[in-house]
Amino acid sequence: MEYFTLSSPEVLRLRAAQGGPEDMETHFNWYVSFDAEPFDVEGVSHYPIIGTLHAGSASGWGDISLGALLMVVREIGKEPLPDVIARSNAVETLYDVARGHLSSLLRTAGAVFDIPSKSPPVEVMEFDEEDEGDSASDEAGVAGIEDQGA
């Protein structure tokens with residue numbers, strides 16, 4: 001049972017670099033942050049989201065952040081919104097868009113490794129209202145890079 005469809009995905013940031021520590025294992029992190037207050041367009045609710053994919057290996061690293069809207073197609077009910085978003089096909093579609101862009105840039109930068117076609121487990125969190133201009137996913141993506149030594 002699907003609650004959302006993906007609408008208006010747009011690349012916000014895309015970057016990659018060649019090289020990393022020789023002992024770095026290939027890793028992937030997928031984060032999605034969302035605004036818990038939907039807005040309506042012609043009677044249909046939309047949740048703004050930002051997805052950030054980080055990928056890295058000894059040959060290099062990269063990340064991409066995309067903005068999009070989750071258009072509600074079925075009433076969500078009482079289930080926690082982060083859980084519903086996490087298992088949404090719309091979020092998997094956003095990952096596919098991110099993977100395509102990031103894979104191309106990584107290869108151009110000389111960081112050659114495959115990004116899985118199925119997303120890694122997604123970490124879903126609400127936008128941090130105190131961080132104007134920065135999303136929780138941006139912070140998580142940077143933390144993922146720092147944690148991996150890139």
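Any read-out appearing in this document is the output of simple, stated calculations on the displayed coordinates, not a laboratory observation. Not measured: the values here are computed from a predicted model. Heads up, the Cβs are rebuilt from the backbone with ideal geometry, glycines too, and the neighbour counts pull from every protein chain shown.
Structure values in brief
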quantity	calculated
Estimated FRET transfer efficiency when R0 is 41 angstrom, pair V112-E2 (beta carbons, to 0.05)	0.70
9 Å beta-carbon shell around D63, net charge (K/R +1, D/E -1)	+2
Spin-label model distance (nm) - V44 vs E10, 7 Å beyond Cα toward Cβ	1.8
Net length gained if the chain between D96 and E126 were fully extended (0.36 nm per residue, minus Cα distance)	8.6 nm
Rounded if a/c under 1.5, otherwise prolate or oblate - region 4-145, Cα gyration tensor axes	prolate
Spatial separation of Cα centroids for region 87-107 and region 12-86, in angstrom	9
Built amide H within the under 5 Å cut-off of E126, gap 5+	F34
Positive-pole candidate from F39, F113, A86, dipole of region 4-145, charges at beta carbon	F113
